[in-house]
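For reference, the structure discussed in these notes is given below.
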Amino acid sequence: MRRKDREVTSREAMIEIIERCDVCRLAFNGPDGLPYILPLNFGMADDHGTLSLYFHSAIEGKKLQFLQDGARAAFEMDTRHEVEYQRDRGYCTFLYESVMGQGRIRLLRDDEKMGALTLLMNHYHLGENAYFNPAALPRTLLYCLEVEEMTAKHHLPHPEK
């Protein structure tokens, strides 16, 4: 990482950034050699140091050619976006937090779907025990990215002196 002063090295801090994010982008190598990116809602489980990101999709569409069990994928997510402009200095920068990494896709079995959708709902409705209709399960593809490596960085405002 070029800017070591912006690197986030603590795994716990990386997880906290992920918890603040709304969208995770998954990237695949397409069969035509072109990259393919999916912006997705997600849920997360951190089980004994193994991070899994959970996603849902319709059971049809172009993405299915990429969503094969064991497929490699990269991910990126970011949050806390703010333009910082210091007019007197003629200086403009962008504040953010971001996490990116890679791993392998795992398609979920029917008996795993309810737990995965619960994780997704909890990410967006923390502490609410939000209801979702289980009738959606048969028409929903659920999968996770089992994260093998990740990095994070941030550029946050300097505390006032």
If one compares the long axis through the Cα atoms of helix 11-20 with the longest principal axis of the Cα atoms of the chain, the angle in degrees, nearest 10, works out at 80 degrees
The convex hull of the Cα atoms of the range 118-161, divided by residue count, gives a volume in Å³ per residue of 143 Å³
In degrees, nearest 10, the alpha-carbon axis of helix 110-124 is tilted away from the dominant principal axis of the alpha carbons of the chain by 30 degrees
By the mean-Cβ-within-10 Å protection proxy, highest first, 7-15, 72-80 rank as 72-80, 7-15
Contour minus Cα-Cα span, ALA13 to ASP111, at 0.36 nm per residue, comes to 32.1 nm
Taking alpha-carbon centroids only, the range 24-59 lies from the range 68-89 a number of Å equal to 15 Å
So ARG72 and ASN41, fully extended at 0.36 nm per residue minus their Cα-Cα distance, gain in nm 9.3 nm
Mean projected area (nm²) from the convex hull of Cα positions in the chain is 12.7 nm²
Any residue on another chain or 5+ positions along whose placed amide H is under 5 Å from the amide H of GLU84 is listed here as THR93, PHE94, LEU95
Only helices counted: for the chain, with every DSSP H run of 4 or more residues adding -39500 (n - 2.57) and the sum spread over all residues, [θ] at 222 nm is -5000 deg cm²/dmol
Computed about the Cα centre, the charge dipole of the chain from +1 Lys/Arg and -1 Asp/Glu charges at the Cβ has a magnitude in debye, to the nearest 20, of 480 debye
Across the chain, qualifying lysine pairs (alpha carbons under 30 Å, at least 8 places apart or different chains) come out at 6
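None of the figures in this text is laboratory data; all of them are computed from the coordinates on show. Predicted, not measured: the structure shown is a model, and the values here were computed from it. Quick reminder, even Gly has a Cβ in these numbers, built from the backbone with ideal geometry, and neighbours come from all protein chains shown.
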